[in-house]
Amino acid sequence: MTTVTLDDIRAAAERIKDFVDRTPCRYSRKLSQRTGAEVWVKFENAHFTSSFKERGARNKLMQLSPAEKKRGVIAASAGNHAQALAYHGQQLGVPVTIVMPHGTPFVKIEKTRAYGANVVIEGADFTEATNHVMKLRDEHDYVFVSAFDDLQILTGQGTCGLEMLEDAPDLDAVIVPIGGGGLIAGIASAVKALKPGIKVYGVEAAMYPSFVARRKGEKPKCGGQTIAEGIAIKAVGEIPFAVADPLIDEVLVVDEADFERAVAMYANVEKTVAEGAGAGGLAALLRYPAKFKGQKVGLVLAGGNIDARMLSTVLYRDMVRQGRMVTYRIVGDDRPGVLAGMSTVIGKLGGNILDVIHNRLSLEVPAKGAEYDIVVETRDEQHADEIRQALKESGYVLTNA
């Protein structure tokens, strides 16, 4: 049976303490009010490379032999493991090569290169990128460093669990994102050793439920573009599964909309940036609030490396979801003054027009007419309905009413 002891994790904590930031774990009054749980957030996005991966990367690299350090290391990564390995490899003088799959966010690629790593883009997904890693490893005699399927990596990640219970010893449960399983294996090993009664919940994206499938003895059905690309892993690691499976109380599967809501809530409520995978704990809490109501819950905000364009899209979509950004589609005459009239109605009620699109080629409107898509920022759904009703009362025909 593969296990990680509390002494192993404490030794890792001592080894990396002068080189990896001790991130804060804070009580969030605002998230607690919104979810019904007493929420503590472990801000792993506060690391220098903005994710928890630094813990395992530093622990692993510091235990390489001088000969292995000279040969250099290679890894497959969607970004966070890559940045952590590149940064700490640079600090230790270890050459680092990273293979990233196509579709990896540009921010992660550029940051990895900025830390001195040789970045190779290959493969449609993590599995194909890993296959290319093995080819390069054999050709150049690199040392392969798995993002999760490695005892020294997951032992380093376990230091996150030690810190959580130091700051919030009364936690009833922790919720941890699962990709390859290294983070939850390390944290579960730490917190269960310190507090056997604590509950450990994993979170997987509905598109990549590899841990859930493995538990059921089924072949995982994985695929698709998820905002949680950091945990888009088709097969959980052998070592993390062996360590974590006996310790995890339940794995929760969440949908894309849940991840989006969580990313937006971290930005709007906590004023902090979370990537999709990093927001997995909050996504699960938002989807299953009754399961955690009244409990002291620790969320691991695992990383904040989200592409700026994607963050912008998520925030705008959240406004649409809340009824704070509405598109009114109006069919009217194509003549001077029509748009001004619509704008007057909207403006009098305090709506802020963000965009206007004229469509004169739609065959569903008369040749002398036009279709107007007016994008309006509103206070809430009630305000949006007031504007909609006022437009109707002013004689405008809304086709999406």
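How much net charge surrounds Ala188 when only other residues with a Cβ under 13 Å from its Cβ are counted (Lys, Arg +1; Asp, Glu -1)?
0
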query = If amide H atoms are built 1.01 Å from N in the plane of the peptide, which residues on other chains or at least 5 residues away come under 5 Å of the amide H of Val253?
reply = Glu204
ask   = Which pairs in the list Lys192/Lys219; Lys108/Lys192; Lys69/Lys135; Lys42/Lys291; Lys69/Lys234 are over 24 Å apart, alpha-carbon to alpha-carbon?
value = Lys192/Lys219; Lys108/Lys192; Lys69/Lys234
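Which value at 222 nm does the chain reach when only helices count, each DSSP H run of 4 or more adding -39,500 (n - 2.57), with the total divided by all residues and rounded to the nearest 500 deg cm²/dmol?
Counting only the DSSP helices, I get -12500 deg cm²/dmol.
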Taking Thr104, Thr112, Thr5 and counting other C-beta atoms within 10 Å, the order from fewest to most = Thr5, Thr104, Thr112
inquiry  = Per-residue counts of other Cβ atoms within 10 Å, averaged by peptide: what ranking do you get for 303-309, 31-37, 251-257, highest first?
reply    = 303-309, 251-257, 31-37
query = Within straight cross-link reach of Lys221, meaning Cα distance under 20 Å, which aspartates and glutamates are found once same-chain residues fewer than 8 apart are removed?
reply = Asp125, Glu128, Glu204, Glu229, Glu238, Asp245, Glu250, Asp255, Glu256, Asp258
query = Which order results if Tyr288, Tyr328 are arranged by neighbouring Cβ count within 10 Å, fewest first?
reply = Tyr288, Tyr328
task = Please quote Rg/Rh for the chain to two decimal places, taking the Kirkwood radius as Rh and restricting both calculations to Cα atoms.
result = 1.08
ask   = Which FRET efficiency value, to the nearest 0.05, is calculated for Phe144 and Phe19 with the Förster distance at 25 angstrom and r the Cβ-Cβ distance?
value = 0.65
query = Just for the chain, what percent of DSSP beta bridges are antiparallel, to the closest 5?
reply = 45 percent
inquiry  = I'd like the distance between the alpha-carbon centres of region 221-287 and region 41-101, rounded to an integer number of Å.
reply    = 22 Å
task = Compute the relative contact order of region 54-144 as a whole-number percentage, counting only Cα pairs closer than 8 Å that sit 6 or more residues apart in sequence.
result = 31 percent
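Defining a contact as two alpha carbons under 8 Å apart and six or more residues distant in sequence, what relative contact order in percent does region 323-398 show?
About 47 percent, as a whole number.
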ask   = Quick one: length gained pulling Ala46 to Asn268 fully straight, 0.36 nm per residue minus the C-alpha distance?
value = 78.2 nm
Principal axis box of region 79-167, alpha-carbon based, largest edge first, Å = 43, 28, 27
Distance between region 126-205 and region 299-374 - C-alpha centres, whole angstrom = 43 Å
query = If you bin the C-alpha pair distances of region 323-398 every 5 Å from 0, what whole percents do you get?
reply = 3, 17, 29, 25, 15, 8, 2, 0
request  = Subtracting the Cα-Cα distance from 0.36 nm times the residue separation, let me have the gained length for Glu238 to Glu166 in nm, one decimal.
outcome  = 23.0 nm
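Rule-based calculations on the coordinates, nothing more; no lab input. All values reported here derive from a predicted model rather than from experimental measurement. Please note: Cβ atoms are built from the backbone with ideal geometry, for glycine as well, and neighbour counts cover all protein chains shown.
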